Amino acid sequence: MQNRNDMNAAGPELPRALGEFEQTLLTLRPSRPAIDRDRALFDAGAAAGRRKGRAWRLSTCVLAMGLGASVLWRPAPPSKSDSRIASAPASPNNPGFDLPMPLEPPPHQDASYVALRDELLNRGLSALPRARGWGIPRGSEPTVKSLAPSPAPDAPRSLLELLHPGDPS
Amino acid sequence: MNRRPVLIVVLIASLSAAATPAAPPGTQRAPEMKTLRVRAAATTRPALQYALMPDARDIEPGDAAALYLMAINAAARSMPNVATQPARGEGAAVWPGDLLDVPLDKLRLKQALDLLGNCAGAIDYLDRAARREHCDLQLNYRKTGMNTQMPYLNDIHYVGQILALRARVQVVSKDYAGAAHTLASGLALARHLQEHAPLVQHLVAIGNASIMLDRVQEWIESDGSPNVYWPLASLPQPLVDPGSVPGVERALVEGSLDLRKAAAGELPAEQRPQFWRRVQTVITIGPFRDQRDQSESSFVGAAIGAAAAYPQARQYLIARGVSAQRVDAMPADAVLGRFYAVKYLELFDETYKAWNLPYPESAAAMRQAQQEIVRERRAFPSNLLQVLLPAVRQARLQYARLDRKVALLRCVEVLRARAAADGAFPADLYAGGDLPVPNDPVTGKPFGYSLEAGVATIDATAPPENPCYHLIYRIELVR
């Protein structure tokens, strides 16, 4: 306490060097703090909010992409066990029995009459399997080949001949 | 307000909806639009110069079946070599059906001609077969029942495509006489397939006729094509006659299962196990593929279902005049077998009773029959015999759709004729003019018609269950 009183009281004159130092010290002013507490708190909150927002936007984006993808590539409807109360065939542009044949044979080649009937009603003619034995190499089928006047593959018909039906080939 | 929960719910709901399989075909709502660009054309004289069915004078006596089978044999060996050509991609084998899908202006004529050249033998057989009096494909369904084999069925559709391709090429080449001859062969093939045939064969016949009518449409759109109003009007109506189906379908089922005896309670005890085995065989290779499981658990399930149905089966027989004492003396499988057989035969009649009426008159009755089948299946899921009944309204509708196609083409030809006479399409399709305008065979009512800026629109609505069959023709007049 004594020391404090001593310091505040106008004491004896200081040495010259210390006096100058005192004057220098008196010119110093406290600078503004580098960290503004309120600003820091606000920025911290905003940054946290941004991080959460990014995650939300990212997850929304992924979900939206998933949604888009699933709309574009929708799974085929499962085959119904009860296809009797049937819906119609196949594509809006070419429904039903106007459908072209698929390149791949459908799965039920050994289907019974009932199965084939219901598949035809549901899917139209695309339910028919690809004809068996078609397009097999010539000469590999030792059946009644001579009965059918199949033209040689290297002898294409002329347009005139083709377009005049009834001409024996 | 925090919107995140709402967004999450919406997103999850959207994803669930997207993950749900696409709407089954036939329930899609968008109508099918076809735009036809046609030129005016008066009807021809003689009216049937381009008849679309074989001329009676060209019909030869005899059976067409052998010729069709020879056509199949010839065509099968004329197709692209699947052993050396890939099924897809560059250098892929091209089949007639592939060339039917190509737009006419992009059809590669040489490719089509090469293909037809290879099939010339088959085409000759087809032309000759189509001009035979009848076609008996020797189906022995009364004896073979549901095991009846129709090995030609896939092939006959393919040879129909060969004819359709030839008609296409002939239309492109403006060979209308040749095209009419080919179309007559194709439509006669469809008519031959309808003879004493089961429903499956009729469906193939309808498909074959349909691809030929698509060629008629291409004819109508072809520049300078003759008007085929009268050839279309002179086609048989219905084009594929459904008449024989109920009898053949009944014979098919009863060829496999002695339902009459079962329903009358006359099935001897020693035959009942065989009866049930046959029921199981017929059903489990049928549409109930998931019931192929013949494990113990499936039998337990069937037993539980049968036990649940027994009291009603017993009551049903008593109500039908069988004494309670006699019913109680019967083994359980005899009671159930009789009950199931009676129910099946009743439902069969309900299913087919309106079959031979025109579709607009029969639809309501067939709709009711289908609803009754659904109710019965819920009430007696163990009665697998009900599976043998087809979706009758859906089946009958296919015949009407085919006839609608003919009717729509007739309407377009009316427009072409009216344009030839008056210089423009009429404001009212059904008023004026001397050509009879057909009603829509699906609804029994006139087609919707409008004319805007010279473009005619014919609107063929669809049954509520089959919105995808809604068809709209936009017809533009090319001058």
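The values are calculated or read from the model by the stated rules, or taken from the named source; none is laboratory data. Quick caveat: nothing in here was measured; it's all calculated off a predicted structure. With ideal geometry, Cβ positions are generated from the backbone for all residues, glycine too; neighbour counts draw on all protein chains shown.
Results for (1) surrounded by fewer than 24 Cβ atoms within 10 Å (Cβ to Cβ); (2) over 25 Å from B:Arg37 (Cβ atoms), shown as yes or no for each residue.
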residue: B:Ala167; (1), (2): no, no
residue: B:Asp175; (1), (2): yes, no
residue: B:Ala188; (1), (2): no, yes
residue: B:Glu218; (1), (2): yes, no
residue: B:Ser225; (1), (2): yes, no
residue: B:Ser244; (1), (2): yes, yes
residue: B:Glu254; (1), (2): yes, yes
* Working carefully through the options B:Ala130, B:Ala65, B:Ala92, find the one that is under 20 Å from B:Ala179 (Cα atoms), surrounded by 13 or more Cβ atoms within 10 Å (Cβ to Cβ) and hydrophobic (A, V, I, L, M, F, W, C). => B:Ala130
* Those residues that are more than 8 Å from chain A (Cβ to nearest Cβ), free of Cβ contacts under 8 Å to residues at least 60 places away in the same chain and within 26 Å of the chain's Cα centre (by Cα), I need them from the range B:102-125; list them, please. => B:Val102, B:Pro103
* To do: State whether the residues of the range B:390-403 include one that is in a loop (DSSP other than H, G, I, E, B), surrounded by 17 or more Cβ atoms within 10 Å (Cβ to Cβ) and within 14 Å of another protein chain (Cβ to nearest Cβ).
  => yes
* Out of curiosity, is B:Asn154 touching a helix residue (DSSP H, G or I) at 6+ places or on another chain (Cβ under 8 Å), facing chain A (nearest Cβ under 8 Å) and on the phi < 0 side of the Ramachandran plot? -> no
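Return the total of residues in the range B:361-389 being of a type in the set (S, T, N, Q) and within 11 Å of chain A (Cβ to nearest Cβ).
Let us first name the residues in the range B:361-389 that are of a type in the set (S, T, N, Q), namely B:362, B:368, B:370-371, B:382-383, B:386.
Retained after the next criterion (residues that are within 11 Å of chain A (Cβ to nearest Cβ)): B:370-371, B:386.
Number satisfying all stated conditions: 3.
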* Name the residues in the range B:257-291 that are modelled with pLDDT of 80 or more, in a helix (DSSP H, G or I) and either touching a helix residue (DSSP H, G or I) at 6+ places or on another chain (Cβ under 9 Å) or surrounded by 18 or more Cβ atoms within 10 Å (Cβ to Cβ) (or both), would you? -> B:Leu259, B:Arg260, B:Lys261, B:Ala262, B:Ala263, B:Ala264, B:Ala269, B:Gln271, B:Arg272, B:Pro273, B:Phe275
* Output the qualifying pairs, or none if there are none: Cβ atoms under 8 angstrom, residues six or more apart or on different chains, first residue in the range B:163-180 and more than 7 Å from chain A (Cβ to nearest Cβ) and within 15 Å of B:Pro226 (Cβ to Cβ), second residue assigned to a helix (DSSP H, G or I) and among the hydroxyl-bearing types (Ser, Thr, Tyr). => B:Ala167/B:Thr182
* If B:Glu195 passes every condition in (1) out of contact with any Pro (no Cβ under 7 Å at 6 or more places or on another chain); (2) more than 25 Å from A:Asn122 (Cβ to Cβ); (3) assigned to a helix (DSSP H, G or I); (4) of a type outside the set (Lys, Arg) but one, which one does it miss? -> (3)
